[in-house]
Each structure stands twice: as structure tokens, then as C-alpha cells.
Amino acid sequence: MIELSLNKIKKYYAANKILDDVTFEAKSQERIAIVGRNGTGKTSIFKIISGIEKYDGGIMAIRKGAKIGYLDQIPDYPKEYRVIDVLNKAFDSIFDIKSKMSKLEKEMGEQSKGNIEKIMKEYGKLQSQFEHKGGYDIEEKISKVCVGLKIDEDFKNRKFVNLSGGEKTTVILGKILLENPDILLLDEPSNHLDINSVEWLEEFLKEYKGTVLVISHDRYFLDKVANRVVEVEDKKTTTYEGNYSYYVKEKEKRLLEQYKHYQNQQKKLKSMEEAVKRFRDWGNRADNEDMFKKAKSMEKRMEKMDKIDKPILERKKIGLDFEVSGRSANDVVIVENITKSFGENMILKNLSLNIKYGEKLCLLGKNGTGKSTLIKILTGDYKQDSGKVKIGSNVKIGYLDQNIKFNNENLTILEEFRQQFIMPEGKARGILAKFLFYDTDVFKKVCNLSGGEKSRLKLCMLMHSNINFLLLDEPTNHLDVDSREMLEDTLQNFNGTILFVSHDRYFVNKISEKIVELENNRLTGYLGNYDYYKKKKEELMIGKTKRKEKDKKMKKKEKNIKRNQGLDDDAKIKQEIINVEKEIEIIEGEIATKDKEMENNSTDHEKLGEIYGEKEELENRLNDLLERWTELNMSIKE
């Protein structure tokens, strides 16, 4: 069933045409990715579909009765509204039915027998509606979404008005998912979510019963979710039947085919033009009217031909090239047992890390684990409460914050750049042009720039600062896919050291040579990219599950042996207690050894993670033995 259809939609802002031929349709349960460079009109399409903005030409059809869900602006709610109150707004119609049912329940107790039948009939209808709309599943639905988006009990009870912009966006996303619209419009849904939440959202959308249209620069996310891609380029749309990776390959294939057809047609047109010239020349020489008629006929054929547009094989992209300072020391950063708290909230505890020259490390972790805090300690923006941070000799740090700010945002782009780098205006404009700031763009005030433009300007300034250690906190935020790809290519060729935080798994895969996960105040290293990290995490989970199953079987076996052999003789039980106590003593000694090993390897996060895993296994075995020791002691006859 077709839920949504757009045919040759046009859109103007004043005299500026934004969209000229937007044509595609969305069927039930399709997952469509809307892709394109920043500023091509993707969000305008969503606003047209949702009815926020009007269109200026073409036809749009939406299935009668279809409910549309779209996160645009953050609504204003009463100041007393908590997060849970906002989430409950998704069920207003159900709560309205419940209120009517409660009113009828009260009336039933007050009415005489003659009127009860009528009230019961009305109550039955409402109860059927309540059940059909999922009134009995509200708690389960809220719990599922809250777990996925990391909205815990404390968060649920926070005042909505006091939340940050990112937190509000997450809550409203949760509300829209709970509303379960027939057509779900998601504009950059993975922004403000950590990787675990994004992966949960991927699975949620795969199972979603409605139609999903999503705008995202997260290529990994689009590969997992989308089964069709609609590209917006040159004010028009082109459809590709597949996920993002298919779209990339198919687009290149189509462009090359179009270019080949264009070249063939140009050859044909050129030969036809030469034929027209010859016919006219022969006509003039021989004063032959037939030659002029043939020339005219040939021209008409040329006019009627469908001209193939010359495809643009290479779009303008930012030209990234870091100016790298001299080589730094081999130990770029040594972090030893640092602790950092904000009030009573401990963010980092006894954290150690050693970064070597030339490493490209990605710092992963859930939101709130302290990734940005650790980076700000390395930049000197924060001071640790305890522990040591040693920056190696000749290390020159370049830092890109996820919330980009400039000292004086009333300056123009050109003024801001030349204030840091003294050079002639012409040279400065040449450099800025490589970052897509052309002509009058350089006279825009910094305060009026979009997030993507601020990112480009900051990157431009970083790349001319002679740095050899890059600290990047969500560097792909606000960048379109082309800019992300250029940044990836540049960072892969960067000769210095990189430590970065990113939720863009595609970007992490391309750049990272090592993953460092921050979890439960502990760093664990994985020598590989994101796919390697995921594989190892899955192996660890499978290993833990198998160990639990094995321990469960062992316990069951021991109980069966005890039951079958009738282990009720005190002497036998006491002997087993002695054996268990000896084993407990051995394992306690092994745990103590592991503690010493952890102290000796406190700066080697990879080795530390390995030892910690071995210690965890020993502790699990110790707990089983202690449980067994307790059972045996309780089974001795008084």
C-alpha cells in the first residue's frame, strides 16, 4: 500500500528555488533514507510532508487517515512537566478514554438498574477502544523505549524545562516513537545518542510497523536501516533500490554510464553539425535548394533529440591538509590513576592511559561515562582531582570541541581567520576557499554560521596551526557525508597522533587503529577498528554465557551426585569441606597475584583489561566455591 506519494514537487523561498522535481513514493513498512549534501533541501521535504510548509508546484498525496510523526522544534510544556509527563503525552487519546471509563464506573455505582444497561453498553465500547489502542501495554511500551534511549528513573523525574537541548531532543524522539505514527519522519535521529542507543534504534526501526523516512549522515546507521535511498541533488530526486552502500556503488555506476552516453551523443551531435555545414556549403556552391532542405531537416532532428546532461563527476569538496609540526616524543600522553568529580558525581576514578606516537585511538563509551571530561583534562580545560597527567616533549595539541565556539563571534570569517594567522587578504581567502567559503561567504559573521560552517572554519584553523596531536570530540557533527569522507582521507594520512570521540561508527571504522572503551571507570583496549571491537565484545558475551551455563550444569551435576550417593555421612561432608577450603585458599592467592599484576601494569590499558578479565573469572569461581562451602556446612547433621 502506498502511504505517501510526491510528484514533481517544487519549493521556493522568496525568488530562490530550493526544490524543482521531488518525485518518489513510500509504501507501507518501507525504510527510506533521504540523502544529499547540506543545504540541498532534505529538511524542507520533511516540512512539506508534515504540513509545516507549503509547496509551490507538483502533487503530494498522503493515505487518508495516515498519522505523521515528525520531530521539528522542541515544544513548550508547562514548567512543572517532568520527562515522564512528556512521554505520557504520547498516550493522550488513551488516557482520555480511561478518564471516560472512570467517569462511567462512578455513574454505575450511583444509577438505578434501569439506566445501568445503557451505561454498561457505553462502557463496553470504551473498554474495547482502550484495549485496541494498547491501553494495557502503556507501561511496557514506555519501559522499552526508555531502556533503549537510556532514560532511567532519575531522568524520568527531571523537569523537562531544565534539560539540555540534546536531552530534550532524546525525550521528544522517545515520545514520537511511542506515538507509533503511520509515517515516521526522522531528521538526524542519531544525534545526541550514544552508540548503544543508536544500535537499539536500528533494531526498533527494523521491526517498526509503519513507514520510516530518515535523514542522516550516519552511513553505518543507513546501511542497517534503509532498504531504499532517495538522493536530493541539483533540486531533484533520484531513487536507488538498496541501502546506503548500494547507493554509493550504483550512483558511481550510473554517473559513468551517463557520461559515456553523453560523450556518444556529443560525438553524434558534432557529426550532425558538420553535416549541416556541408549541406549548406554544397547548397551555396551548386545553388541547390535540396541541400538547404536537408540541412534544415538535420537541424530539426537535432532540436528534437533529448539532450543528455553532462554529469558532474566531481563535486567541490573541502580540501583538507594538516600542517604537521615536528615529531613528538614516543610517549605522547601518560595518564596515571586520575580521578575527577563534579560535586558528588564521580566521573573518572583511578583511570590510566598511555598514548604512543602515531597511534590513532578512538575513545568509546556510553553518554555520561566521562569521555569528554578526559579529553578536557588533556587539553587543560579541566584539572583532575588526583593522579598525574604527563604530556610528552614537543607535543603540540590541536583540539576540536563538539560545541564549537570562537573568542569573538561578531567577527567575520575572514577577520577570525586573519586574527590568528597574519597574512594578506588574498592568501587568506584562497585558504578559506578550500573549505568552501567562496566570494562573499567570507564576510559572514561567525555568530550567523550553521553548525557545519563552524566545523569547517575550525578545521581550517586547526590545519594551519602546526599541531602533531589531535584531540577530536565528535568531529563529524554537522558535517555532510562528502565533508566526512574528506576528513577521513586526511586523518588517515595525518602523520601525528590522534585521540578522538565519535558515535559515527563508519568514521570510527575508517580512522581507528585501536579502540579504548571507557566503562565502569575502567579502560579496555581493543587492537582494531569498530567491527573488530564489536566482534570481540560479542565473543566475550558468548563466553560469559557459556561459563554461566557450564557452572549451572556443574552445580546440577554436584547435586545429582549428592542425591544419588546419599552424601549424608558427616565424615564425607567434612572431607569435602576441607577440599573446598583448600581450593578457596588457592584461588584467593591467585586473585591477590592478579591485583599485583594490575598495579604493575596500571599504564598499559590493553594488558590491564586482559588481567581484569582473568581476575573476574577467578572471582566468579571463588563465589561458586563459597556457595558450595555454605551448602556443605548447612548439610552437616547436628
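Observations on the structure shown:
- Three-way shape call for region 468-518 based on the alpha-carbon gyration tensor, with the a/c threshold at 1.5: oblate
- Gap separating the Cα centres of region 197-213 and region 132-151, nearest whole Å: 15
- Reach of LYS390 by Cα under 18 Å, taken over aspartates and glutamates that are not fewer than 8 positions away in the same chain: ASP331, GLU336, GLU359, ASP381, ASP604
- Projected-area mean, region 502-543, by convex hull of Cα positions, square nanometres: 3.1
- Over region 202-268, relative contact order from alpha-carbon pairs under 8 Å, at least 6 apart, %: 21
- Space enclosed by the convex hull of the alpha-carbon atoms of region 340-430, per residue, Å³: 168
- Cβ-based net charge around TYR77, under 12 Å, with every Lys or Arg adding one and every Asp or Glu removing one: +3
- Rg followed by Dmax, in Å, when region 404-455 is reduced to its Cα trace: 10.2, 27
- Sequence-distant contacts, meaning Cα pairs under 8 Å at least 6 residues apart, place the relative contact order of the chain at 12 percent.
- Region 236-275 shape via C-alpha gyration tensor axes, a/c threshold 1.5: prolate
- Three-way shape label, region 187-342, alpha-carbon gyration tensor, a/c 1.5: oblate
- Cα-Cα over 24 Å, subset of LYS349/LYS388; LYS10/LYS224; LYS150/LYS534; LYS54/LYS434; LYS251/LYS514; LYS67/LYS209: LYS10/LYS224; LYS54/LYS434; LYS251/LYS514
- Spatial separation of Cα centroids for region 334-397 and region 484-537, in angstrom: 17
- Rolling a 1.4 angstrom probe over the protein heavy atoms with all chains in place gives region 74-201 an accessible area of 56 Å² per residue.
- What the Cα atoms of the chain give is an Rg and a Dmax of 33.1, 133 Å.
- Each Lys or Arg adds one and each Asp or Glu takes one away; over the other residues whose Cβ falls under 11 Å from the Cβ of GLU3, this sums to +1.
- Using alpha-carbon coordinates, inclination of helix 451-462 to the longest axis of the chain, degrees: 90
- For region 80-202, taking the reciprocal of the average inverse distance between every pair of different Cα atoms yields a Kirkwood hydrodynamic radius of 16.5 Å.
- Against the main long axis of the alpha-carbon atoms of the chain, helix 113-132 sits at an angle near 70°.
- Extreme residue, positive dipole direction of the chain, given options VAL198, LEU523, HIS217 (C-beta unit charges): HIS217
- Relative contact order of region 123-256, defined on C-alpha pairs under 8 angstrom at six or more residues apart (%): 17
- Net +/- balance of residues flanking PHE406 in space, Cβ distance below 12 Å, scoring K and R +1, D and E -1: -1
- Computed about its Cα centre, the charge dipole of region 4-93 is approximately 220 debye, with only Lys, Arg, Asp and Glu carrying charge at their Cβ.
- Using a probe of 1.4 Å, the accessible surface attributed to GLU336 totals some 70 Å² when neighbouring protein chains are kept in position.
- Counted over the chain, the DSSP beta bridges are approximately 55% antiparallel.
- Amide H contacts for ILE34 (H built 1.01 Å from N in the peptide plane; partners 5 or more residues away or on another chain; cut-off under 5 Å): VAL214, ILE215, SER216, VAL230.
- Crossing angle, helix 289-304 versus the chain [Cα axis fit, 0-90 degrees, rounded to tens]: 20
- Counted over region 53-102 with a bin width of 5 Å, the fraction of Cα pairs per bin, in whole percents, is 4, 12, 14, 19, 17, 13, 10, 7, 4, 1.
- In loop segments of region 130-231 as defined by DSSP, the trypsin sites (Lys or Arg not before Pro) with at most 14 further C-beta atoms inside 10 Å of their C-beta are LYS209.
- Region 253-307 and region 1-18: distance between their alpha carbon centers, rounded to Å: 37
The values are calculated or read from the model by the stated rules, or taken from the named source; none is laboratory data. As the structure is a prediction and not an experimental result, all values here were calculated from the model. As a convention, Cβ positions derive from the backbone with ideal geometry for all residues, glycine included, and neighbour counts pool all protein chains shown. Heads up: the accessible areas ignore ligands, DNA and RNA and are worked out on the full protein's heavy atoms, side chains in. Shrake-Rupley method; radii C 1.70, N 1.55, O 1.52, S 1.80 Å.
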